[in-house]
Amino acid sequence: MVVQSIEALPEAVRATKIQMAIVTVPAPAAATIIDVLARQRVRAVLNFAPVRAKVPRSVELINIDLSIELEKLAHFLGKKERLSWQRKTR
């Protein structure tokens, strides 16, 4: 894997016949990159950027919001700690 500029992305996708991509870029760049991927017929995109991009129906797009996932983990840890504390005080 080589880090390349956005200008090289269309050719890299065509040359390697990429079907699935993971997007982990700052929000301002995400929509452009996802659009380029969709135009090159990438069929599935896992998006970690904090934006909601629009894609054609032919592209499966899954958005992962890390802040929400971290919040879930923090809630889980807090719940575990409360349960552990309750057991100790019995």
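Listing for the model above:
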read-out	value
Residue match in the stretch 41-53 (condition: over 16 Å from Leu66 (Cβ atoms) and in a helix (DSSP H, G or I))	no
The listed residue being in contact with a strand residue (DSSP E or B) (Cβ under 7 Å, 6 or more places away or on another chain) and modelled with pLDDT under 95, out of Arg52, Arg90, Arg82	Arg52
Out of Ser67, Ser58, sole residue that is in contact (Cβ under 8 Å) with a residue 12 or more places away in the chain, hydroxyl-bearing (Ser, Thr, Tyr), more than 24 Å from Val2 (Cα to Cα) and not in a helix (DSSP H, G or I)	Ser58
Residue check, Leu37 assigned to a helix (DSSP H, G or I) and touching a strand residue (DSSP E or B) at 6+ places or on another chain (Cβ under 7 Å)	yes
Residue satisfying all of: in the stretch 46-65; closer than 14 Å to Pro26 by Cα and of a type in the set (D, E, K, R); farthest from the chain's Cα centre (by Cα) among these	Arg52
Qualifying position, being of a type in the set (A, V, I, L, M) and at pLDDT below 90, among Ile6, Ile33	Ile6
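To keep it simple, each residue is scored yes or no on (1) among the hydrophobic types (A, V, I, L, M, F, W, C); (2) surrounded by 11 or more Cβ atoms within 10 Å (Cβ to Cβ).
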| position | (1), (2) |
| --- | --- |
| Val3 | yes, no |
| Arg14 | no, yes |
| Pro28 | no, no |
| Leu37 | yes, yes |
| Val42 | yes, yes |
| Asn47 | no, yes |
| Val59 | yes, yes |
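The values are calculated or read from the model by the stated rules, or taken from the named source; none is laboratory data. Note that this is a predicted model, so its numbers are computed, not measured. Ideal geometry is used to build each Cβ from the backbone, glycine not excepted, and the neighbour counts take in all protein chains shown.
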